[in-house]
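Student: Starting off with a structure, shown below.
The values are calculated or read from the model by the stated rules, or taken from the named source; none is laboratory data. Remember, it's a predicted structure, so these values are computed and weren't measured experimentally. Cβ placement follows ideal geometry from the backbone for every residue including glycine, while neighbour counts extend to all protein chains displayed. Only protein heavy atoms, including side chains, enter the accessible area calculation; ligands, DNA and RNA are left aside. Shrake-Rupley method; radii C 1.70, N 1.55, O 1.52, S 1.80 Å.
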Amino acid sequence: METLLHAYGRATDTPAHLAALVGADDAARQAALRHLMSAIMHQGTAWSATPAVVAEVVALVGDPRAAGAVPGLLEFLGEVVEAVAPEHRAEFTAMAAPAGRDVDAEVAELLEEDDEGDAVYEDVELADALFARAMLALEDLVPRVLAAVEPLTGHPDLAAPAAELADLCRRKLR
């Protein structure tokens with residue numbers, strides 16, 4: 001997560017939050033869920049860290065150690081999938097690779113100069129490339145989200161939110 005960004009800067013705090021989702025500390029688990037809903041998906045906006053986090057969260061949905069967090073994880077995944085915009089795939093593909101630019105190298109260089117990552121977003125084309133890459137990666141993750149939540153549609157406490165999320169995934173995959 002060293003070169004990945006969330007709404008508040010570098011996502012270096014995110015691994016600890018992900019670990020808290022499977023820990024025994026309920027306060028830490030609640031803080032982790034707040035982190036997902038505020039830093040990783042901020043007001044419906046994905047960040048460069050969002051796809052990596054979604055891949056981790058998808059794996060946690062079926063992990064018994066994360067059982068207490070699953071309702072919040074489903075809410076988070078719902079917000080992520082809602083943001084997916086397959087109708088903009090061609091536009092995102094073009095934005096993700098601006099001509100003559102090495103996005104990864106430029107981001108790494110800017111993060112060396114500005115530890116918080118603000119400089120990355122001062123360059124609109126670079127910021128757009130990061131956003132587009134995140135959106136494309138999230139679209140590619142929708143089948144994994146669907147596969148993770150479908151088994152929960154039979155769970156007595158999670159059936160309704162899991163079924164709603166599964167339906168949303170299916171609509172995005174059309």
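Student: Placing +1 at every Lys and Arg Cβ and -1 at every Asp and Glu Cβ, with all other atoms neutral, what dipole size does the chain have around its Cα centre, in debye to the nearest 20?
Tutor: Computed about the Cα centre, the dipole is about 1040 debye.
Student: May I pose another question? Under 12 Å from the Cβ of residue 40, count the other residues' Cβ atoms, weight Lys and Arg +1, Asp and Glu -1, and hand me the total.
Tutor: Charge balance near residue 40 sits at -2.
Student: Same structure, new question: What residues have an amide H closer than 5 Å to that of residue 5, excluding those fewer than 5 places away on the same chain, when H is modeled at 1.01 Å from N in the peptide plane?
Tutor: Correct list: 11, 48, 49.
Student: With all protein chains present, how much of the accessible area of the chain (probe radius 1.4 Å) comes from carbon and sulfur, to the nearest whole percent?
Tutor: 53
Student: Which order do the peptides 119-132, 29-42 take when ranked by the mean count of other beta-carbon atoms within 10 Å per residue, highest first?
Tutor: 29-42, 119-132
Student: Okay, moving on. For residue 13 and residue 124, what is the calculated FRET efficiency with R₀ set at 35 Å and r taken between the beta-carbons, to the nearest 0.05?
Tutor: According to the calculation, E is roughly 0.85.
Student: Which whole-number percent is the relative contact order of the chain (Cα, under 8 Å, 6+ apart)?
Tutor: RCO, the chain: 24 percent.
Student: Under a Cβ-Cβ cut-off of 13 Å, what is the net charge of the residues other than residue 141 that fall near it, where Lys and Arg count +1 and Asp and Glu count -1?
Tutor: So the environment of residue 141 carries a net charge of 0.
Student: Tell me the label only: which of [x] 29, 20, 10; [y] 42, 20, 11; [z] 34, 17, 12 is semi-axes √(5λ) of the Cα gyration tensor in Å as calculated from this structure?
Tutor: Label [x] holds the value from this structure.
Student: Counting only heavy atoms of the protein chains, get the accessible area per residue of the range 113-153 (1.4 Å probe) and round it to a whole Å² value.
Tutor: 48
Student: Measure out, as a whole number of angstrom, how far apart the alpha-carbon centroids of the range 9-44 and the range 137-159 sit.
Tutor: 20
Student: Here's another thing I want to ask about it. In nm, what is the difference between 0.36 nm times the number of residues separating residue 155 and residue 38 and their Cα-Cα distance?
Tutor: Full-extension gain reported as 39.4 nm.
Student: Can you compute the helix-only [θ] at 222 nm over the chain? Use -39500 (n - 2.57) per DSSP H run of at least 4 residues, normalise by all residues, nearest 500 deg cm²/dmol.
Tutor: Helix-only estimate at 222 nm: -19500 deg cm²/dmol.
Student: Just to confirm, what accessible area per residue do you get for the range 8-84 at 1.4 Å probe, in whole Å²?
Tutor: 39
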